[in-house]
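Accompanying notes for the structure given below.
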Amino acid sequence: MKAGQLRAYILSGEGREITIYRLFDRDMCLFSASCMMRPIQFEVTIAAEKDTDLWIIPVEVYQSIMVESAHVANYTSELMATRFSDVMWLIEQIMWKSLDKRISAFLLEEAVIEGSDTLKITHETIANHLGSHRKVITRMLKYFQNEGMVKLSRGTVEITDPEKLEELCEESKPPAKPVVCSAPIWGCYRSALVSALNSPTPAPLSQLPLKRFISCVCLPAHT
């Protein structure tokens, strides 16, 4: 990702959604390319939460870069481990954590992402993130409002007492440190891409100019 915000989620047969992780500036989504992990087959849907600029790199091209660059290979392994940890944590939350704790943790995380305690978000959107139903989320948010933790208005949830929300979700997972390329690794990764993009000479598949394969995409925010 060059810039923006994406949401990766899975969809049930009944049409219910649940967010498995989110992507921000300089993040990379590998789960959306199942052939990166051939024995694992599942569908992940990606939606833009904000206007997003990104590159789409074919698996064969990315795998050739990993073969040629230990830095990229190590970063990819670290990223995959982090994504699996996120999914395992999500399963634990669904199985063992009450919904009020999950909602409070989500609101606090959203406030950090947006940099504001006033969240422009609907009850339906929260339900989609948490794999719940809108009516259930509405009922829980009204309880939060009665307890003085939030203030509700149309299309908006304002956090009025973050301390109470933190107490409610104290057993929940602390905000995860994003896996972002360090300067040397990012520089090496970027150099490998730029070098291939600018190469004018035809070469074998693993060395072909990535310009022929990489698609630059601009996604508007999903509404």
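Just so it is clear, none of the values below were taken in a lab; they were calculated from the coordinates. Every value quoted in this text rests on a predicted model; they were computed, and no experiment measured them. Every residue, glycine among them, receives a Cβ derived from its backbone with ideal geometry; neighbour counts consider all protein chains shown.
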Item to complete: At 0.36 nm per residue, minus the direct Cα-Cα distance, what do ALA73 and THR118 gain on full extension? Give it in nm, one decimal, please.
Response: 12.2 nm
Worksheet item: Based on the Kirkwood radius over alpha-carbon pairs, what is the Stokes-Einstein translational diffusion coefficient of the stretch 1-132 at 37 °C with 0.692 mPa s viscosity, in µm²/s?
Response: 201
Worksheet item: So which GluC sites (Glu not before Pro) in the stretch 59-161 are both in a DSSP loop and have at most 14 other Cβ atoms within 10 Å of their Cβ?
Response: GLU147
